[in-house]
Amino acid sequence: MFSIKEDRSKFPTKKADGTLDIDLDSQKYVKIWQGPNHPGITGNMALELTVSGDEVVQSKTHVGYLYRAFEKLMERRKFIQCFPICIRMCVPEPDINEYLLAASVEELGGIEVPEMAEWLRTLVLEMARVTILLRGVPGQGGTMSLGMGVQWGVYVRDLMLDRFEELTGGRVYHMYIAPGGVRGLLPSGFKDRMEEVLKKVDEFVVDIDNLMFNNAVFKVRTKGVGIIDKDWIDQYSVVGPNARAAGIMRDVRKDYPYLKYDQLDFEPHTETDSDIYARSRVRWHDLQTSVDLIRQIMAKMPEKGEIRAKTPNVLHWKIPKGETYQRIESSRGEYGFYMVTDGSAYPRRINLRGPSYNSAMVLLEKMLVNANISDVSSLMVSLATCPPEIER
Amino acid sequence: MSIKDILSPFSAWKKVIKDPVTVKDPFNDRPGAPRYRGFHKNELDKCIGCGACEEICQNAAIDMVPVEGIETVEGDSGLRPMVDYGRCCWCALCVDICSTNSLTLSNEYTWIDSDPDVFRFIPGYDKKEWDNSKLGWTKPKNYDLNTYERVEMKELHPEERDKSFIEFVKGYSKEQAEAEADRCIDCGLCTATCPAHMSIPEYIKAIRNDDMEEGLRIMYETNPLPEICGRICTHKCETVCAIGHKGEPLSIRWLKRYIADQVPESKYKEVLEQGLEITPKSKKVAIIGSGPSGLSAAYYLSRMGYATKIFESLPEAGGMMRYGIPSYRLPYDQIDKDINYILSCGVEIEYNVKIGKDITIEQLEKDYDAVFSGTGLHLGRSTRIPGSEHENVFFATDLLREISLGTEIKVDEKIVVIGGGNVAMDITRSLARLQNQKYGKVDVLATCLEAEDIMPADREEVVEAREEKAIVDPGWGPKDIKIENGKIKGLNVVKCLSVFDDEGRFSPKFDEDKKKFFPAEMVVESIGQGMDLTYIDSIKDKLEFSDRGRIVVNEKYQSSLPWFFVGGDIIKGPDVINGIANGHIAAKGIDEFLNKK
C-alpha cells in the first residue's frame, strides 16, 4: 500500500545543497507534464512530474496560464465596478467573491446591510456551495473514470442554475451580491421550485453514496491514499473540508459566524482518516448540510424587506482610509479578501487569500512524492484546488 | 470492504428505465428567466443620452454616439449608448444606473452572425427581434445606486421671515453640500443648457473634494457673479438635470452658493489671480449699466487687459439685481461681494450718470474704442384697464427700486398685485412683509392670467408667498379697477380660459360669466417690463431693430454699429444668467473687434 511517508531509499539521493540528484540521462527517470490542459486538472495549471516507473519522485506545480490581473484591475475600478470582475477569481463558486467584496466595502464604508439582504446573501452562498459540490463530490470519482456520477451531478447542478437564473438573472456569473445589498427579492414561487431541486439533490446524495462511496474500486483507490498528516494542518494552513477530514473542526461559519449563520442550526461534518476518501466524504456531508441550510434559510427568512442599504452615489463612492480582512467558508475552506483603501473612490489593494494556493503550490508537491502516477489527478481533486483562484 | 461495496454501484442501473434529462429540441428556444440579463434594449425617446451607463461600465463596452434622427436639445445630449458585445459582461450595472430607466436587458440570449461587427450595436436604434421583449432585467424595485431625494435646504420658518427682509434661505452645511454634490452623475446636460455654459459637474466635483478655491476658480471662468447666481439664478440647469427624471434634480444653484459662501472676499484675489498675467491694452471700453451683463462684460474685458469703465445711473451697482430683487432673496452684502471683486480688477465705475442726459452716446463713441450697453428692463408695463391710471396703481419695478433705495413706499392694508411672474411674487412678498411690519397682518393678493400650473414664476416662489400668508389666486383676467369717490375699492376680474392661441401667440380668452372681485385699496401691476432706449435716440437711425422693437445684434452681441455692443435683458432673458452669458460673449466680440480695428 502506498504511504506518504518519505522513503527515498530507492529514489534519488539528496545533493549537498538539498536538491535531488536526478539524472534524466540515466533513463531511470522521466519527466511528464500533467497540464496545463488535462482532464485531471481543474483549470489551467501544470504539474511537472518526475517519475520513476509509475511513481512520482518529484513534483513541481507551475501556474501562469490563467493570470488575468483581476486584483490589479480592481485598483483601477470604482468599488461598484469591482463586483462584475471579482467573481471571475473563482469561476465555479463566484458568489463568495461577490460577498467578500461587498462585505469589505461595507465594513470600511460603515454600511449596514438590511436584514433581508443578509438572508438572501446567506441563501445564495449556500446555493453556490451546493452548485460546486454537485460537481466536486462526483468529480472525485471522475478522476478514476467513474464519470457517471459527474453526469448526474451536472444535471442536478443545472436545475440549481435554473434557480440562480430566476433569482439573479445569470446562471454562472450571478452578480447578485453587490456592495450595499443584493439585487432582487425572491421571485414568486421560488421556494417551491427550490424545494423540488433540493429533493433532486437528496436523491443525488443517495445515488452517489451507492455509486461512489460504497464502491470497492473507489475505496481501494482512495482509502489510505493521500493522507494529510495532522501536523501539516497548521503548518500548511489547511482549512475547511481538508482540515475537517483530519478531525480538526475548522469552519468559518462556526468559528467566525457571518451573515445569518449564527441563527442556523448545523454541525459541519468531520472525519479522522485524512485520506482522499475522508475528504470526499466530508464534502458529501457538506452537500447535505447545505441542502438543510437552504431549507432552514427559506423557512426563517422574512417574506419582504429592504434589499439595499443607502449608499453614496456609486459613481463617486469614496471609502475612508482603512484596511480589513473579511473571510468566508467557501466549499474549499476559509477564503478571504484583504482590502486596503486610501480614502479615494478606488480600492488601493485587494488581495485574495484562497485555500487552493496552499493546496496546489505547497501541499500537493509534498503529497505527490511517492504517489502512483495514476493517483495524481485524484490527489489534486481531493484537495479541491481551483487554479483560477491560485492566480487571479 | 464488504459485499455491499461490490453490489451497491450496480444500483445505477435503475437510471436505465428513467427518461433522459436532456431535451433534443434544436428548434424551440428555451426562454431566459424573467429576470435574465440578456441583450440590451433602449427606449430611444425616453433616453436622454446622459452617459451614466457609459460611465459605470467597467468593461468600457458602452460608447455614447450620435444617432440619426435624434437632435441635441436642452436636456438631451442627442447621443445614445452603443454596446460592444465583445466587451460586455452583462452585469446590468448600466441598467441599474440608467437615469431614465430607458435601458433594460431582454431575456434573449442567442444571437448568431458571421459578421463580428454587428455585435457592436445601438440598442433601440438598430432594430432587433428582442426590442419588444417583455421579459428581462430591469432595475430592481427599491434598488437605487444613487440618491434621488434632495438634501433639504433649511429656511427660516415663515413666521420668522414674514416681517423682515433678512435672507431666509440658510445655505448648506459642509455635510449637506457634500451629500448633495454626491448625487451628480457628471453628465453635463446642465452645462449644455446653462446660458453661460458653466462647468457645473466640475465645480460640483470640487465640493466633493472639499476644494472650494478650485470650485471658485472654475465658476469665475464663465460667471463672475457666483454669490448672486447662487441665490437667484433661474437655474435652467436644474430643469434638465438627469437625476430629475427619477427623482428631484440636484440643487445646483445652492451648491454654487455654497462654494462662493465658503471663500471669504479677502481671499478672492489670492485664489483667482494665482499665476494670472494680464497684458494691459491701450484701448478703452465703456459699459452702460452695471447689471449682470455689464458687470460680466466689464470683468472679462478687464481680464483681457482693456481699460473698462461702467456708467451707472443709480447710486449703486447691480442693476435689477440690486433694485429689482428683494434682499430677503439676495442680500445686499452678497451683491457687494461679487461687485467689489470685479471693481478690484481695475474696472472703473461712475455712479449717478445717465447716458443721453449727462453724457451723450456720441461722446462715449468719441472717448472709447467700443461701447457695451446692458441697460435692462426697468420700466413697468401697464394693463391699461379702466382705473389703471389711478395714483394708487403702481408698477412693481418702481416699488422694488424704491424699497432697495431705502425710500418709504406707500403700503395700504389691502393690496392686489396683477402678475404671475417672479417680479410679481417679489413685490407680493415684499408688500406682505411691509404690511406685517405696519399693520401686523398680511392682506395682499396676487392674481394673473395663467392657471396655477403654467404660472411663469418659479414654483417655490409661489409656495413661499403662500407660506408668508399672501394669497395667490391665478387664472383670472383683470377687467377694471373699481373706483368710488376717487378711492380704489378693488379689482374686477373674469375667468381666463387660455392665455395663448394654438400658434403660441399671446391671445387670452375669457369666460365673461365667471366673475370675481378682489377688494383692495392699492393695485400693483407686474405684467412685464419695458426698456428705456431714449439714451440712444441720436443713433437710432443707424441701428437695426426687430419687429418686436429689440435691437438686432449678431452672435457676438454686436449691433449694426460695429462699436456698439448690446446685451442683457434688452436682448435676451430677462434673467441674470443670460445677462452674464451675453456679457461674456460680447466681451470676446469686443476683443475681436478691437483687435481688427
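Total accessible area buried between chains A and B, 1.4 Å probe, in Å² to the nearest 100?
It comes to approximately 3700 Å² buried between A and B.
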Lys/Arg +1, Asp/Glu -1 at C-beta; region B:158-272 dipole; positive extreme among B:Ala179, B:Ile204, B:Thr193: B:Thr193
Zero-based 5 Å bins, Cα pair distances in region B:235-327, whole percents: 3, 11, 12, 14, 19, 17, 12, 7, 3, 1, 0
Electrostatic dipole magnitude of region B:29-145 [Cβ: Lys, Arg +1; Asp, Glu -1; Cα centre; debye, to 20]: 640 debye
Overall Cα dimensions of region B:137-233, principal axis frame, Å, largest first: 55, 36, 25
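Suppose we keep just the DSSP beta bridges with both residues in region B:379-529; what percent of those would be antiparallel, to 5?
On the way: 18 of 31 bridges.
Just about 60 percent of them are antiparallel.
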Residues in region A:311-359 that, when all protein chains are in place, have 40 Å² or more less accessible area than the chain alone would give (probe 1.4 Å): A:Asn313, A:Leu315, A:His316, A:Lys318
Relative contact order (%) - chain B, alpha-carbon pairs under 8 angstrom, separation at least six: 12 percent
Listed residue (A:Val282, A:Val238, A:Gln34) projecting farthest to the positive dipole end of chain A, Cβ model: A:Gln34
Degrees between helix B:422-439 axis and first principal axis of chain B (Cα, 0 to 90, nearest 10): 60 degrees
Label point distance in nm, A:Tyr67-B:Thr239, each placed 7 Å from Cα along Cα→Cβ: 5.8 nm
Principal semi-axes in Å for region B:65-134 [√(5λ), Cα gyration tensor, largest first]: 22, 16, 12
Three-way shape label, region B:510-597, alpha-carbon gyration tensor, a/c 1.5: prolate
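Say the cut-off is 20 Å between C-alpha atoms; which of A:Lys191/B:Lys14; B:Lys236/B:Lys256; B:Lys281/B:Lys542 go over it?
A:Lys191/B:Lys14; B:Lys281/B:Lys542
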Region A:258-325 - Debye-derived log10 I(q)/I(0), Cα point model, q = 0.16, 0.17, 0.22, 0.26 Å⁻¹: -0.81, -0.83, -0.98, -1.14
Dipole of region B:379-529 [Lys/Arg +1, Asp/Glu -1 at C-beta], most positive-end residue of B:Ile418, B:Gly387, B:Trp476: B:Gly387
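State the number of lysine pairs found in region B:29-145 whose Cα atoms come within less than 17 Å, restricting to pairs 8 or more positions apart or on distinct chains. Could you put the intermediate results ahead of the total?
Details: B:Lys41/B:Lys127; B:Lys41/B:Lys128; B:Lys41/B:Lys134; B:Lys41/B:Lys139; B:Lys46/B:Lys127; B:Lys46/B:Lys134; B:Lys46/B:Lys139.
So the count works out to 7.
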Peptide-level mean, for A:72-83, of C-beta atoms on other protein chains within 10 Å: 2
Ellipticity estimate at 222 nm from DSSP helix runs (n ≥ 4, -39,500 (n - 2.57)) divided over chain B, nearest 500: -8000 deg cm²/dmol
Residue-averaged beta-carbon neighbours from other chains (10 angstrom radius) around A:210-220: 5
Estimated FRET transfer efficiency (A:Lys199, B:Asn101; beta-carbon r; R0 56 Å; 0.05): 0.90
Two-decimal ratio, chain B, of alpha-carbon radius of gyration to 2.2 N^0.38 Å: 1.24
Candidate aspartates and glutamates for bridging to B:Lys205, where Cα separation is under 16 Å - those fewer than 8 sequence places away on the same chain excluded: B:Glu55, B:Glu175, B:Glu178, B:Glu180, B:Asp182, B:Asp186, B:Glu213, B:Glu214, B:Glu221
Surface accessible to a 1.4 Å probe, per residue, for the residues of region B:29-145, Å²: 48 Å²
In order through region A:22-37: 3J(HN,Hα) via Karplus (6.51 cos²θ - 1.76 cosθ + 1.60), integer Hz, x for Gly, Pro: 10, 10, 5, 5, 5, 6, 7, 10, 10, 9, 10, 9, 9, x, x, 10
Chain A, Cα convex hull volume normalised per residue, Å³: 138 Å³
Around A:Ile297: net Lys/Arg minus Asp/Glu count, Cβ-Cβ under 9 Å: +2
Whether region B:93-177 is rounded, prolate or oblate, judged on the alpha carbon gyration tensor where a/c under 1.5 counts as rounded: prolate
Kirkwood Rh, Cα atoms: Rg over Rh of the protein assembly as shown: 1.14
Segment B:Phe517-B:Glu270, extension gain: residue separation times 0.36 nm, minus the distance between their alpha carbons: 83.0 nm
For region B:29-145: span of alpha carbons on each principal axis (Å, largest first): 43, 39, 26
Neighbour net charge for B:Gly440 - beta-carbon separation under 13 angstrom, K R +1, D E -1: +1
Apportionment of accessible area to carbon and sulfur, chain B, percent (1.4 Å): 50 percent
Spatially proximal aspartates and glutamates relative to B:Lys441 (Cα-Cα < 19 Å; intrachain offsets below 8 disregarded): B:Glu159, B:Glu160, B:Asp162, B:Glu408, B:Asp412, B:Glu413, B:Asp426, B:Glu464, B:Glu467, B:Glu468, B:Asp473, B:Glu521
Modelled FRET efficiency - R0 30 Å, A:Lys300 with A:Asp255, Cβ distances, 0.05 increments: 0.90
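Please sort A:245-256, B:444-455, B:289-300, B:426-437 by packing, taking for each peptide the average over its residues of neighbouring beta carbons within 10 angstrom, highest first.
Listed from highest to lowest mean packing, they are B:289-300, B:426-437, B:444-455, A:245-256.
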Degrees between helix B:332-344 axis and first principal axis of chain B (Cα, 0 to 90, nearest 10): 90 degrees
Filter on A:Lys15/A:Lys230; B:Lys170/B:Lys469; B:Lys414/B:Lys572 - keep pairs with C-alpha separation over 27 Å: A:Lys15/A:Lys230; B:Lys414/B:Lys572
Sequence ranges B:339-346, B:255-262, A:99-106, ranked by mean other-Cβ count within 10 angstrom, highest first: A:99-106, B:255-262, B:339-346
Residue mean of other protein chain beta carbons inside 10 Å, B:91-98: 4
Cut-off under 5 Å, modelled amide H: who pairs with B:Leu135 long-range: B:Asn107
Net charge dipole size for chain B [Lys, Arg +1 and Asp, Glu -1 on Cβ; Debye, nearest 20]: 860 debye
Eligible lysines near A:Lys223 by straight Cα distance, threshold 24 Å, same-chain separation 8 or greater: A:Lys5, A:Lys366, B:Lys4
For region B:379-529, convex hull of alpha carbons as volume per residue, Å³: 109 Å³
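Let's see if you can work this out: charge +1 on each Lys and Arg Cβ, -1 on each Asp and Glu Cβ, no other charges. What is the dipole magnitude of the protein assembly as shown about its Cα centre, in debye to the nearest 20?
1880 debye
The values are calculated or read from the model by the stated rules, or taken from the named source; none is laboratory data. Since we're looking at a predicted model, the values are computed, not measured. Using ideal geometry, Cβ is built from the backbone for each residue, glycine included, and neighbour counts are taken over all protein chains shown. The area values use the complete protein model at the heavy-atom level, side chains included, leaving out ligands, DNA and RNA. Shrake-Rupley method; radii C 1.70, N 1.55, O 1.52, S 1.80 Å.
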